[in-house]
Amino acid sequence: MIAAARLDGPIWQRLRSPRTVGTVGLVLGAFAAFLAIPPIEARGVLWPILVGILAAAFGVWTITRGERRLGWGAVAGGIIGIGLGILATRYGSDNLNTVFRADLIASTFVFSTPLIFAGIGGMFSERSGVVNIGLEGMMLMGAFWGVYGADKTGGWVGGLAIAMLAGGLMALVHAFFAIHLRADQIVAGVAVNFLALGITGYFFFQLYHGQDVPVGVPTIPRVNIPWIKDLHFLGPAIGHLNLMIWLSFALVIVSYFVVFKTPIGLRIRACGEHPRAADTVGINVYAVRYGSVVLSGVLASLGGAYLSIGFGGGSFTDNMTAGRGFIALAALIFGNWRPFGTFYAALLFGFSTALAYRLPVYSGSAATLFQTLPYVLTLIAVAGVIGRTVPPAADGKPYVKQ
């Protein structure tokens, strides 16, 4: 009787939910594709076939329980996993080890980190009801002023501080137009992007004469974990990651607790869902929205600073962010305006970007085509698995106090 009661408990019911089973099916489909590559390297075709069939079975079960989109995603994942797994067993181990080395995981984190910072920043802004298309410009400001601050202060901490200040000021401009003047938030965000492009281009020419930043600018250090860095697979994967990568992981956890477990997070979400009701109970909607937008600029600028004094090794080029702010916005939407969802979406794009740089080993003539892989995978994930997402009810709607 005790065992039966446990099987009917809330934990067991949650494990048996269609969404949980469908998600497990998606994971198994991905696992089938990776069975033949390091660190597992199962060379027989039987293993990806078995795991892929199991993933498809989970998908069929999910479909019969009403979660059709997620279920069909698991079925497709299982079929694709079988195909990719069999294909991987047909390639030589040398080629597979060239592409799927342990440092592919590290590269995934490298490419996803700026997206995590900007995406989480955008979450705060949009949860409060202000659309922030200007993430790209705020990242670009952080990239330039971060490297300039590190150069002039002689330390990467000073670079980060100045980058945060620059990103916060740029976000304040966006907030003023979007909240105070009640301008169209999409247009205001686009204007912020062009403004940041002009500001960074002008000061880059004035301060560095359009040339490279001097050699020796302090950069954000790596974190070497003593008990991991020398291990066979984990060492190259996570043993030498940049400090900002670890901070991005912490940011996801902290932002979740702030938004969903604290009174200030409740105020932010109230202003994004029903600002008039929030105002009625004494919440200053304008102050919350201003603070949230400025915070989004500060976080986005940290992602930009990582590009210049972290991943970039103390360098800057015009338009260095190259559209990453828009990709971060897509990750935010893909993640349904939630921290962990945004994190997973950023990892997806980071992984596909890292993979795209390695695939030309199989076909040099298709190297340019491989660069489209991140965008194709993101479109498939959004259209085929996640589907239509629902933003905060008052997102993008100016509030007028009565």
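The values are calculated or read from the model by the stated rules, or taken from the named source; none is laboratory data. Model, not experiment: these values are computed from the prediction. We place every Cβ from the backbone using ideal geometry, glycine too, and count neighbours over all the protein chains shown. These accessible areas exclude ligands, DNA and RNA; they are computed on the full protein's heavy atoms, side chains included. Shrake-Rupley method; radii C 1.70, N 1.55, O 1.52, S 1.80 Å.
Tabulated data
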item: The stretch 165-323, accessible area per residue, ligands and nucleic acids excluded (1.4 Å, Å²); result: 49 Å²
item: Separation of the T20 and V215 label points, Cα + 7 Å toward Cβ, nm; result: 5.8 nm
item: Shape call, the stretch 114-233: gyration tensor on alpha carbons, a/c limit 1.5; result: oblate
item: Two-site FRET efficiency, Y357 against A322, from Cβ-Cβ distance with R₀ of 22 Å, rounded to 0.05; result: 0.95
item: N242 long-range amide H proximity, modeled H, under 5 Å; result: V223
item: Relative packing of peptides 132-143, 283-294, 73-84 - highest average C-beta neighbours within 10 Å first; result: 132-143, 73-84, 283-294
item: Length added when fully stretched, F205-F260, from 0.36 nm per residue minus Cα-Cα; result: 15.4 nm
item: Global form of the stretch 180-282, assessed from the alpha-carbon gyration tensor, a/c cut-off 1.5; result: oblate
item: Nearest-0.05 FRET efficiency for A287 and L369, computed from C-beta distance (R0 35 Å); result: 0.10
item: J(HN,Hα) series, the stretch 207-224, from Karplus relation 6.51 cos²θ - 1.76 cosθ + 1.60, nearest Hz, glycine and proline x; result: 8, 10, 6, x, 9, 5, 5, x, 5, x, 5, x, 10, 5, x, 8, 10, 9
item: Accessible area in the full protein assembly, largest first, 1.4 Å probe, for Y202, Y208; result: Y202, Y208
